[in-house]
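K.L.:
Have a look at this one before I ask anything.
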Amino acid sequence: MAVAEHLNFRHAANRLGVSQSCVSTRIKTLEQDLNILLFERRHRGVRLTEAGRCFIAEVATGIEHLDHAINTAGALSTGAVGRLHIGLHSSIAAGFLADLRRRFRNEHPNVELMITEGRSADTIRQVREGSLDIAFVMGAVDAPDCHSCLVWSEPFVIAVPVHHPLGAAESFGWLDLAPETFLVRQSGAGPQLLNHITRRIVERDRTPNIRRCDVGRDTLMHMAADGEGVTLTTEAAAHVPFPGIIFRQITDETERAQFSAVWSPHNRSPALKNLLDLAAATGRSA
């Protein structure tokens, strides 16, 4: 390619940073291997033969493909391009995960983020199976075959209908909530929220009234807005207004909801490492 561009062995050698004899020998060997004369030698340089012009045209196309393959592989090896499959416990409309996703897309615009919502147990299983690169779930994770770490926390809040007496109360605690029907999703972080509600109500010597619903977040909020019950969620949900719902803090709630990242120790994706590094930095600055 260099000789074809310069039509001179010496100039091609200078371009390549090798000796003229090296270039001449390589061209001669190539012509012998192909049994084709690529260049006509002249006193002040060379000229491509017809076979040489055809050969160079085909080689140029191959080199373009090779360069593209090398550049693509290099970008993948640094996490600059690629795809990440992420499992979530809930919506990413607001809160830590929304900020993390936004920052990651700004810093790595050529990495496609594929989002899957589901129960924590399901997303962790998918991490084990390799169909998800990482899962963000509520609570600490006991999975010896996976890596995990706590990434962020946020307060619990209760969602009550706007016409509910607790919505007008200046403050209320778990004992005030004990008589209520709690609507809890079966998917997402529902199992973790169910355990938290049960523990808090039983601590106050009451029996929890819990209704498990196999619905999405929006349907659950519509049910609460219609007066079918109240629902426990976290602060990120309160950042997204919902018609007919008021989000209130529980005055005697002493814990914050903890959220963990879970990933496979066998996953060597550079894009995953970049996401984990950004999640750690975002958690520290939150």
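K.L.:
Calculate the length of the line joining the C-alpha centroid of region 19-70 to that of region 124-150, in whole Å.
P.N.:
The two parts, judged by their Cα centres, are 54 Å apart.
K.L.:
Report the residue, chosen from A140, A57, A261, that carries the largest GNM mean-square fluctuation when the chain is represented by alpha-carbon nodes joined by springs under 10 Å.
P.N.:
A57
K.L.:
On to the next question. Counting other C-beta atoms within 10 Å, and keeping those with at most 16, which DSSP coil GluC sites (Glu not before Pro) do you find in region 155-232? Working shown, then result.
P.N.:
Numbers: sites: E170, E180, E203, E228; in loops: E170, E180, E228.
Passing sites in region 155-232 are E170, E228.
K.L.:
If you don't mind, another one. Using Cα atoms only, what is the angle between the long axis of helix 50-78 and the major principal axis of the chain, expressed in degrees (0 to 90) to the nearest 10?
P.N.:
30 degrees
K.L.:
How would R185, R101 line up by accessible area, probe 1.4 Å, largest first?
P.N.:
Largest accessible area first, the list is R101, R185.
K.L.:
I need to check one value: relative contact order of the chain, counting alpha carbon pairs closer than 8 Å and at least 6 residues apart, in percent.
P.N.:
Values: 460 pairs, mean separation 65.1, N = 286.
Normalised by residue count, the contact order of the chain is 23 percent.
K.L.:
Considering only protein heavy atoms, what per residue accessible area in square angstrom results for the chain with a 1.4 angstrom probe?
P.N.:
Heavy-atom SASA per residue in the chain reads 55 Å².
K.L.:
Another question, if that's okay. Which one, H163, H43, H196, has the greatest fluctuation when you compute a Gaussian network model over the chain with C-alpha springs under 10 angstrom?
P.N.:
H43
K.L.:
What do you reckon, how do I201, I27 stack up by accessible area (1.4 Å probe), largest on top?
P.N.:
I27, I201
K.L.:
Give the separation of the Cα centroids, region 227-286 to region 152-225, in Å.
P.N.:
First find each Cα centre; the distance between them is then 17 Å.
K.L.:
Counting each DSSP H run of 4 or more residues in the chain as -39500 (n - 2.57), what helix-only mean residue ellipticity at 222 nm follows after dividing by all residues, to the nearest 500 deg cm²/dmol?
P.N.:
Details: 12 runs with 130 residues, N = 286.
Taking each H run of at least 4 residues, the total per residue is -13500 deg cm²/dmol.
K.L.:
On a 1.4 Å probe surface of the protein chains, which of T231, T251 comes out largest in accessible area, and what is the full order?
P.N.:
T251, T231
K.L.:
When a/c is below 1.5 the answer is rounded, else prolate if a/b is larger than b/c, else oblate, so apply that to region 105-189 with a ≥ b ≥ c taken from the square roots of the Cα gyration tensor eigenvalues.
P.N.:
It is prolate, given that a/c is not under 1.5 and a/b is the larger ratio.
K.L.:
Using a ≥ b ≥ c from the Cα gyration tensor of region 164-232 (square roots of the eigenvalues), is it rounded, prolate or oblate, where a/c under 1.5 gives rounded and otherwise the larger of a/b and b/c decides, a/b for prolate?
P.N.:
On the way: a/c = 2.16, a/b = 1.18, b/c = 1.83.
Since a/c reaches 1.5 but b/c is at least a/b, the shape of region 164-232 is classed as oblate.
The values are calculated or read from the model by the stated rules, or taken from the named source; none is laboratory data. Please read these numbers as outputs of a predicted model, since none were measured by experiment. So basically every Cβ, Gly included, is an ideal-geometry build from the backbone, and we count neighbours across all protein chains shown. Surface accessibility is based on the protein's heavy atoms, side chains included, excluding ligands, DNA and RNA. Shrake-Rupley method; radii C 1.70, N 1.55, O 1.52, S 1.80 Å.
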